[in-house]
1. May I ask you to say which residue of C:G172, C:G155, C:G166 is in contact with a Pro (Cβ under 6 Å, 6 or more places away or on another chain) and within 14 Å of chain B (Cβ to nearest Cβ)?
2. Which of the residues spanning the stretch B:252-310 are in contact (Cβ under 8 Å) with a residue 60 or more places away in the chain, within 26 Å of B:K101 (Cα to Cα) and basic (K, R)?
3. How many residues are assigned to a helix (DSSP H, G or I), away from chain B (no Cβ under 11 Å) and open to solvent by 10 Å² or more (accessible area, probe 1.4 Å) if we restrict to the stretch A:49-87?
4. Within the stretch A:91-122, restricting attention to residues that are of a type in the set (F, W, Y) and open to solvent by 20 Å² or more (accessible area, probe 1.4 Å), which residue is nearest to the other protein chains (Cβ to nearest Cβ)?
5. I'd like to know if the stretch A:185-204 contains one or more residues that are more than 15 Å from the chain's Cα centre (by Cα), farther than 30 Å from A:E96 by Cα, at the interface with chain C (Cβ under 9 Å from one of its Cβ atoms) and open to solvent by 10 Å² or more (accessible area, probe 1.4 Å).
6. When the stretch B:212-230 is examined, which residues are found to be under 15 Å from A:F239 (Cβ atoms) and not charged (D, E, K, R)?
7. Take the conditions farther than 24 Å from C:L238 by Cβ and surrounded by 20 or more Cβ atoms within 10 Å (Cβ to Cβ) and apply them to C:L101. Does it pass?
Amino acid sequence: MTFDRYRRRKRVNVLVSALAFLCAAITIIPLLMILGHLLAQGAKAVNLDFFTQLPKPVGEVGGGMANAIVGTLILIGLACLVGLPIGIIGGIYLAEFGNNKTGWLVRFMSDVLNGTPSIVIGIFAYTVVVLPMKRFSALAGGFALGIIMIPTVIRATEELVKLVPTSVREAGLALGIPQWRVILRIVVPSAKAGIVTGVLLAVARIGGETAPLLFTAFGNQFWQRRLDQPIASLPVQIFTYAISPFEDWHRQAWAGALVLVAMILITSVLTRVVTKGQDRSMR
Amino acid sequence: MRWSYLHKWMVFGVLGVAALSALVSLPSMTNEVSAEMLINGAGATFPYPLYSKWFSEYARVDPSARFNYQSIGSGGGIRQVKVGTVDFGASDAALSDEDLKQMPRELLHIPTVAGAVVITYNLPGVGKGLKLTPDALAEVYLGQITKWKDPKIASLNPNMNLPDQQIIVVHRSDGSGTTNIFTTYLNTISNTWATKVGKGTAVNWPVGLGGKGNEGVAGQVKQTPGAIGYVELAYAEQNKLPYALLKNRAGRFVEPSLEATSAAVAGAIGELVKDVRVPIVNSPAERAYPIAGLTYLLVYKAQNDQKKAASLAKFFWWAIHDGQKYAPELLYPPLPPQVVKVIESTIKQITFQGKPVLEAN
Amino acid sequence: MSSSEAFPASGVPPRAGGTNVADRLFKGTTLLFALSVVAIMVLMAGAMLRTALPAIRAFGWHFPFTSTWDPVAERFGALPFIYGTLVSSLLALSIAVPLSLGGAIFLVELAPHWLAQPIAFLIDLLASIPSVVYGLWGIFVLAPWLRTTVQPALGALLGVLPLFQGPAYGVGMLAAGMILAIMVIPFISGVSREVLMAVPNSQREAALALGATKWEAIRTAVLPYSRSGIIGAIILGLGRALGETMAVTMVIGNRPEIALSLFAPGYTMASVIANEFAEATSDFHLAALIEIGLLLFGVTILVNGLARLLVWSVAGNGAATVRE
């Protein structure tokens, strides 16, 4: 009888293990499907024109998203101008001096910011940048994306600066070097690789953001030559083309999605592979 | 450490790509006329196929200015002109006197072309030429007719094999001048509609799915068998979507076409020359298609940038004259000459520091 | 400041006063940057509150409980959007939670390392696909599949339930819920894995030593230990789902209506903002939209705060943040 019970327990164990395996398998099916469709549809659609041409007028076949690809890169650059100083310097504060109420507040606020829907940040950027400037602009888009970057960068910086052993700091201080020099010259440089990882992950995240750009960066069919003018971006272009009825636009939406995902995945996969083993929590 | 070397390589890689793309884009930024000015406009999706053609052609006529037009919907055109984030707006809903008072400065309406709002549908196996009466159309959009096989539709189309399928109503989710034309029409022909829903750029729809822009509605209809939606004629035509024949005020079933829309405009010339904002739906003309309207560019009368104002006025002038020749091929009826005369005087009203920007010619 | 000052020759003590000022300056500067995060949040709340004020004044507490969204008559209520947001998110969780948890248990407790690593990696990759790409896939792959295959089948099987009645549009609440499920899986799965890994091995070993099977060890020793962390992971996923915009907008049907059926179209708070924000013609309409944004903001603050507390209590700081 006990043998029977043991067998039943064994069977339950096998059954549950199988179920758990099934769950893991099912969760990666959508990924494989999405990547599969992207490759199948996107590869058919990508051509040289896509990278070198401007969009064609509605209903005309052809053209590309060259300006949107460049636009996305410019927006990421602007976002870094906003997000990196706050993120990195703020993160240094949290790691070095943040063991108090202020630190708690900043940490909590940055977590809340991390969970704030990006569309809400878009509203904010519209109110404080677009309306006063009286213009949609690359600056407004970069500002919105920059804010979205902050929590990721601030947390990565804090954790990696904290990982630097206390002995390193003490050694520096014992040599009579002022604390600020120790932090800037010794502590932060030894955490640099990790911070760069955090930054690249943040870049990978904002590279695909669409919602906050809809009413900040807006759109542009042409090359953008000034930062205080509307700018095209890959995600917004994909959105516009995807909901349209034009077949050639659908084709280009798939091509755009493939290019965007490739850019993002390459950045984040490389980051992960390169830093593997260095910091487990990044895995 | 191995990976810190890799890291450096990666950072350089990313920066390199960014720099390279800047280099690639730089020549195209400078080669073309460098003193080029960007003029931003936003609004109606209804005339977007024509506008995007115009702006691409006009770049050759006046290389000193580039017109960046984003089709976000007429509601958006009105809103963004109001808060001043664009240089001009576009809307196929004219602003009422009361709306105009809400604007910070005096706003001008510049009609560009007319267009028809067509009832498009997706019924596999059922061909073109579905016939609808105003009542049937209103009842579909009120949610009172829910099946394609409903006798009220079937009896109009005895030769069609309509499926026993739910009607999937599609409407706009954004503020839209197309919606304004469409609901103005329903408002005129159905009392129930007038009391229950009303007219405007965005209304409280009794049934249906929302699509963003004419693009979104056409896309939704194209994707969904059993769907019905309203879009500008060019969108249906470019996407080979079938559209319904609608019974007009004279009692004829009229297919939306260049001629039928022109007839609707022609029938209203008397009123249009007095006020270009009057709706032209439900025209009494015998061959007129009943759901038609003009579409407008919205621009402030007193401009605060002389060069921009001059470029804008020049473009408007081109649009209502030379630009009109691009309209028919995209199925937008050109403006009648009498109306063009009226608009010419409107364009001449655009001023910078009290002086007209367009020399009298 | 010259570099010779920075590295004083041995034996020369740094001037205490000078470094103190420099140190304090440095600390002050970093503090300023850190506080700008707080400033951004306060500004954000303030700016939104100010714009939303007309709507808040006009509708008061009725706003979240009224279901009319009528721009013609200028009567606005947020109920359909709140309903749509909640239902799509809960639907997403009901799909994503069992899958992510089962998957996490498999990866942490059962799978050999060589298998667990690549699968975990793939699941994490799901998180880096942009929302708009999910939306694209939703429009052209998921929605047609739902319309032609899933919805007719569900309708035939379970059509007696009001949940599965009505015409098969393809796009609608079901499509939104499924897309959201796929999108939150990496978050729930990732944090759950983190939490499970934080369970001390002694727990498992104790149970196994008493003769428990692997599953019994997980059920009796591992899961109870990590319960609050897992709940935190789920709430974190909920937070993501509530604020998701683009993919949902593209597949939910954009209709402010409270319908019981999952086949019916709906609308969410985030998607109504995306669709109408730039184009609300009247100031009042805009105020109502921003008030929706404010509500969404408030809800996500609550949900995220709760999730952080729960996750922190188990896995320590940071587990929940760095993985984007």
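The values are calculated or read from the model by the stated rules, or taken from the named source; none is laboratory data. All values reported here derive from a predicted model rather than from experimental measurement. Glycine gets a Cβ as well: all are built from the backbone with ideal geometry, and neighbour counts include every protein chain shown. To get the accessible areas, we keep the full protein, side chains included, count just its heavy atoms, and leave off ligands, DNA and RNA. Shrake-Rupley method; radii C 1.70, N 1.55, O 1.52, S 1.80 Å.
1. On the way: C:G155 fails: in contact with a Pro (Cβ under 6 Å, 6 or more places away or on another chain); C:G166 fails: in contact with a Pro (Cβ under 6 Å, 6 or more places away or on another chain).
Among C:G172, C:G155, C:G166, only C:G172 is in contact with a Pro (Cβ under 6 Å, 6 or more places away or on another chain) and within 14 Å of chain B (Cβ to nearest Cβ).
2. Once the filter is applied, which keeps residues that are in contact (Cβ under 8 Å) with a residue 60 or more places away in the chain, within 26 Å of B:K101 (Cα to Cα) and basic (K, R), the stretch B:252-310 yields B:R277, B:K301, B:K308.
3. Adding up the residues that qualify gives 7.
4. My answer is A:F97.
5. Checked against the condition, which is being more than 15 Å from the chain's Cα centre (by Cα), farther than 30 Å from A:E96 by Cα, at the interface with chain C (Cβ under 9 Å from one of its Cβ atoms) and open to solvent by 10 Å² or more (accessible area, probe 1.4 Å), the stretch A:185-204 yields no hits at all.
6. Hits for the stretch B:212-230 are B:G213, B:G216, B:G219, B:Q220.
7. Working: farther than 24 Å from C:L238 by Cβ: no; surrounded by 20 or more Cβ atoms within 10 Å (Cβ to Cβ): yes.
Spelling it out, it is not the case that C:L101 is farther than 24 Å from C:L238 by Cβ and surrounded by 20 or more Cβ atoms within 10 Å (Cβ to Cβ).
So that you can scan it fast, the table gives a plain yes or no per residue for (1) of a type outside the set (D, E, K, R); (2) within 24 Å of B:G43 (Cα to Cα):
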position: B:N191; (1), (2): yes, no
position: B:A194; (1), (2): yes, no
position: B:A202; (1), (2): yes, yes
position: B:P206; (1), (2): yes, no
position: B:K212; (1), (2): no, yes
position: B:G216; (1), (2): yes, yes
position: B:Q238; (1), (2): yes, yes
